[in-house]
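Notes for the one structure printed next.
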Amino acid sequence: MVTALRDARAVAETVTDPELPMLTLADLGVLREVSESGGTVIVSITPTYSGCPAMDTMRDDLVHALHAAGYDEVEVRTVLHPPWSTDWISEAGRRKLADAGIAPPGDAPAARPGPVPLTLGPTVRRVRCPRCGSAETEELSRFSATACKALHRCRACAEPFEHMKEL
Amino acid sequence: MSFDNAYEAITEENSSRWAFGTGFEDPLSGMDTAVPSGVDAADLTAYCLMLGDDALIVSHRLQEWCTNAPELEDEVAIANIGLDLLGQARLLLARAGGGRGEDDYAFFRDEHEFRNVRLAELPRGDFGKLIARLLVFATWRLALLSRLADSRDPVLSAIAAKGVKEVTYHRDYAAQWAVRLGDGTEYSRERIREGLERVWPFVGELFVPHEIELRLTEAGVAVDPSTLRAEFDDVIAQVLAAATLDVPDVAARAGVAGRTGRDGVHTEAMGYLLAELQSVARAHPEGTW
């Protein structure tokens, strides 16, 4: 039984993110738990953003991967709490992002009691260029092709690049 | 094609569907959605519709900017903010329960059944008005969601905690543009000034609690919006000071016999908005593709 469970987890861990296919859902911290109950594999996933349009595809991919591995009964559950954080992206996931030209996120802002502080100026965080490694970069837009990324430009090599923003 | 449950929908072959009424996933699938003790289920439904409709209707107004934004960077920013709010709307309309699903609430209710604040539905307007509305809306919603994260209802609490992270980015986006426009050229300044003047008559309504909100606040589930005013005023003062703009001095837009958006009483713009939002779903109920 224990072996079977480990296998189900191993199968779920091979499923990749539909929008960032170089990363697995496990790398991304989206895969939260794999358990087994009464012959059913229960996989818990959490959305990166509330409106993440890839959730349906993730469910489908998980179900299909586990079916293909011989698990007939698969249930995919959504968990919202605690909310996903970029801090959950694994070290391997960060390397894969950088290799794909996407600057990985820094530390997520710590939750503090009281009102959320307003940021009126440009971002002060220095994001290193994933192409040439320079820290001389600037933010072009805090939103990019997906909600989870920001658009930056390197002043050293002049190339634009994406940065997975801290959440 | 319809399914008895989400499991059937996702295991059906070629099941990747992206449209209404087509076995679309329950975004709360697998979560415990029991109503907390001491809470009236109809009240909880109405409250979820209030916050869900706010997000749905503002999201629709933001979607109207797709292919119309002034710059590519803003095109994707506005679309992403609209997508975040649509996601929040899906979670909240699903949480509303009451025997109806999110699509049913979005596409098959009539105007008087929508409980969004009237600010949400105001016509799209120009970029100055977009920024003015988003600044007001995101500032108010962030204050609300950050308190709702302490709700006794674990589902609302989780939705709110997730939303706080998103709306923080929305508010910063609007605030930074407000400063850029207000402290920019004579022309940009006039556009944002006029935008603020157009939306300001609908600001007061944001802080008037509905009786359902008060009952649920008493039960530890909701947030009394009148408690958000101080934080709202403080943030707006910071932004407008940096933008060298003044808080508009305009009269509040009255409701009908004291009834406003939370009571299902809307402005003329709402009917046109819903006609567009709902036309496809109503022309082809249960349609799939």
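What follows is calculated from the coordinates using simple rules that are stated; it is not laboratory data. Note that the structure is predicted; figures quoted are calculated from it, not measured. Cβ placement follows ideal geometry from the backbone for every residue including glycine, while neighbour counts extend to all protein chains displayed.
Details
- Cα shape, the stretch B:223-289, gyration tensor, a/c 1.5 rule: prolate
- By the Cβ-Cβ criterion of under 4.7 Å, the unpaired cysteines of the protein assembly as shown are A:Cys52, A:Cys148, B:Cys48, B:Cys66.
- For A:Glu36, residues with placed amide H under 5 Å, excluding near neighbours: A:Ile42
- Neighbourhood net charge (15 Å Cβ-Cβ; Lys/Arg +1, Asp/Glu -1) for B:Leu142: 0
- For chain B, built as a Gaussian network whose Cα springs stay under 10 Å, the top-fluctuating residue of B:Thr67, B:Thr33, B:Thr168: B:Thr67
- Computed on the stretch A:17-167, the Cα convex hull volume stands at 122 Å³ per residue.
- Ellipsoid equivalent to the stretch A:89-151 - semi-axes via the Cα gyration tensor, in Å: 23, 16, 12
- Working from label points 7 Å from Cα in the Cα-to-Cβ sense, the B:Ala254 to B:Ser188 distance is 4.0 nm.
- Test item: B:145-152 mean partner chain Cβ contacts at 10 Å: 1
- Computed over chain B: relative contact order in percent, which uses C-alpha pairs under 8 Å that are six or more apart: 24 percent
- Relative to the longest principal axis of the Cα atoms of chain A, the long axis of helix A:55-68 makes an angle of roughly 40 degrees.
- From largest to smallest, the equivalent ellipsoid semi-axes obtained for the stretch A:2-78 from the alpha-carbon gyration tensor read 20, 12, 11 Å.
- Spatial separation of Cα centroids for the stretch B:62-137 and the stretch A:17-49, in angstrom: 29 Å
- In summary, the stretch B:6-283 shows an alpha-carbon radius of gyration equal to 1.00 times the 2.2 N^0.38 Å reference for compact globular proteins.
- Estimated FRET transfer efficiency (B:Arg152, B:Asp246; beta-carbon r; R0 56 Å; 0.05): 0.90
- Chain B: calculated mean residue ellipticity at 222 nm from DSSP helix runs of at least 4, using -39500 (n - 2.57): -19000 deg cm²/dmol
- Highest average packing first - A:14-21, A:58-65, Cβ atoms within 10 Å: A:58-65, A:14-21
- Beta bridges per DSSP with both ends in chain A, % antiparallel, nearest 5: 70 percent
- Fully extending the segment from B:Arg100 to B:Asp26, taken as 0.36 nm per residue of separation minus the present Cα-Cα distance, adds 25.5 nm.
- Mean partner shielding of peptide A:57-64, defined as the number of other chain Cβ atoms within 10 Å of each residue Cβ, is 4.
- With both labels modelled 7 Å from their Cα along Cα-to-Cβ, the A:Glu139 to A:Ala69 distance reads 3.8 nm.
- The mean number of partner chain beta-carbon atoms within 10 angstrom of a residue's beta-carbon across peptide B:75-81 is 5.
- Residue with peak Gaussian network fluctuation, chain B [Cα springs, cutoff 10 Å], from B:Asp249, B:Asp103, B:Asp126: B:Asp249
- Tensor-based shape of the protein assembly as shown (alpha-carbon gyration tensor, a/c under 1.5 rounded, otherwise prolate or oblate): oblate
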